[in-house]
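Scroll down for the structure; my scribbles are underneath it.
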Amino acid sequence: MTEYEPPRGREQRKQDVLGRLRQDEDAWVATASPDGVPTLVPLSFLWEDDTGTLAMATRRTNPTAVNVTPHGLIRVTAGHTRDVVLIEGEARIVEVADLPAVTRDAFAAKLRGWRPSGPRWVFLRITPLTVRAWREENELSDRDLMHTGTWLI
């Protein structure tokens, strides 16, 4: 029989999620084309506490950016299979020059100096609508931490 650690309370899970979003550099990003072709790619990201949004950079012509344009829906997963953070949200394309300088600087600082620039790059600004987090089966029942953009805790 598998023994799990005791389930975390929702407040602890929220704090763990925010810690992961502040510290992790990469996440899996899923989008779908208008005709339903899925795309799953790893992208580097910055979590901004003050806006409650993620900023990610990708090439303008990559399927992830192209797929965001028609409908804006996106799914982001951070962590590993035994400590999942699943975010469903709305994404919008932001030109590099239109992203606030403080965000560009924080993105570069987090990613050891990488600064996407020029016309081939865009940023995705992702606003979470739903956040779920769990480690094992014993945390599945209380995995919802955010719904319709509002933290439940």
> What is the one condition in (1) in contact with a Ser or Thr (Cβ under 9 Å, 6 or more places away or on another chain); (2) open to solvent by less than 50 Å² (accessible area, probe 1.4 Å); (3) not aliphatic (A, V, I, L, M) that Asp83 does not satisfy?
Replying inline: (1)
> Among the residues of segment 15-46, how many are at pLDDT 95 or above and out of contact with any strand residue (DSSP E or B) (no Cβ under 6 Å at 6 or more places or on another chain)?
Replying inline: 5
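Please specify each residue of segment 49-59 satisfying the condition of being touching a residue at least 12 places away in the same chain (Cβ under 8 Å) and open to solvent by 80 Å² or more (accessible area, probe 1.4 Å). Spell out the reasoning first.
So the first thing to find is which residues in segment 49-59 are touching a residue at least 12 places away in the same chain (Cβ under 8 Å), and the list is 49, 52-59.
Hits for segment 49-59 are Asp49, Arg59.
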> Which residue pairs have Cβ atoms under 6 Å apart, sit 6 or more places apart or on different chains, and have a first residue in segment 4-31 that is under 21 Å from Arg112 (Cα atoms) and surrounded by 18 or more Cβ atoms within 10 Å (Cβ to Cβ) and a second that is among the charged types (D, E, K, R) and at pLDDT 95 or above?
Replying inline: none
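Looking only at segment 126-138, decide whether some residue is among the acidic types (Asp, Glu), open to solvent by 60 Å² or more (accessible area, probe 1.4 Å), in contact with a helix residue (DSSP H, G or I) (Cβ under 6 Å, 6 or more places away or on another chain) and modelled with pLDDT under 95.
Just the residues of segment 126-138 that are among the acidic types (Asp, Glu), to begin with: 136-137.
Filter once more, keeping what is open to solvent by 60 Å² or more (accessible area, probe 1.4 Å): 137.
If we keep only those that are in contact with a helix residue (DSSP H, G or I) (Cβ under 6 Å, 6 or more places away or on another chain) as well, we get none.
No, segment 126-138 has no match at all.
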> Checking Pro38 against (1) surrounded by 13 or more Cβ atoms within 10 Å (Cβ to Cβ); (2) within 23 Å of His80 (Cβ to Cβ); (3) touching a Ser or Thr at 6+ places or on another chain (Cβ under 9 Å); (4) not basic (Lys, Arg), which single condition isn't satisfied?
Replying inline: (1)
> Any chance segment 55-66 includes a residue that's farther than 25 Å from Gln12 by Cα and basic (Lys, Arg)?
Replying inline: yes
> Hey, Glu95 hits all of (1) touching a residue at least 24 places away in the same chain (Cβ under 8 Å); (2) within 15 Å of the chain's Cα centre (by Cα) but one; which does it fall short on?
Replying inline: (2)
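When you look at Leu46, is it buried (at least 18 other Cβ atoms within 10 Å of the Cβ) and under 23 Å from Arg120 (Cβ atoms), yes or no? Quick ask: steps written out before the conclusion?
On the way: buried (at least 18 other Cβ atoms within 10 Å of the Cβ): yes; under 23 Å from Arg120 (Cβ atoms): yes.
Here the answer is yes, as Leu46 does meet what is asked.
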>> Among the listed residues Thr103, Thr127, identify the single one that is over 13 Å from Thr31 (Cα atoms), in contact with an Asp or Glu (Cβ under 8 Å, 6 or more places away or on another chain), of a type in the set (Val, Ile, Thr) and assigned to a strand (DSSP E or B).
In response: Thr127
> List, please: which pairs have Cβ atoms under 8 Å, are six or more places apart or on different chains, and start with a residue in segment 98-113 that is touching a residue at least 60 places away in the same chain (Cβ under 8 Å) and end with one that is open to solvent by 40 Å² or more (accessible area, probe 1.4 Å)?
Replying inline: Phe107/Trp114; Phe107/Arg115; Lys110/Glu25; Leu111/Glu25
> Looking at (1) of a type in the set (D, E, K, R); (2) buried (at least 16 other Cβ atoms within 10 Å of the Cβ); (3) modelled with pLDDT of 95 or more, can you tell me which one Asp105 breaks?
Replying inline: (2)
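The values are calculated or read from the model by the stated rules, or taken from the named source; none is laboratory data. Just so it is clear, the model here is predicted, and its values are computed rather than measured. Methodologically, a virtual Cβ is constructed for each residue, glycine included, from the backbone with ideal geometry; neighbour enumeration extends over all protein chains shown. Only protein heavy atoms, including side chains, enter the accessible area calculation; ligands, DNA and RNA are left aside. Shrake-Rupley method; radii C 1.70, N 1.55, O 1.52, S 1.80 Å.
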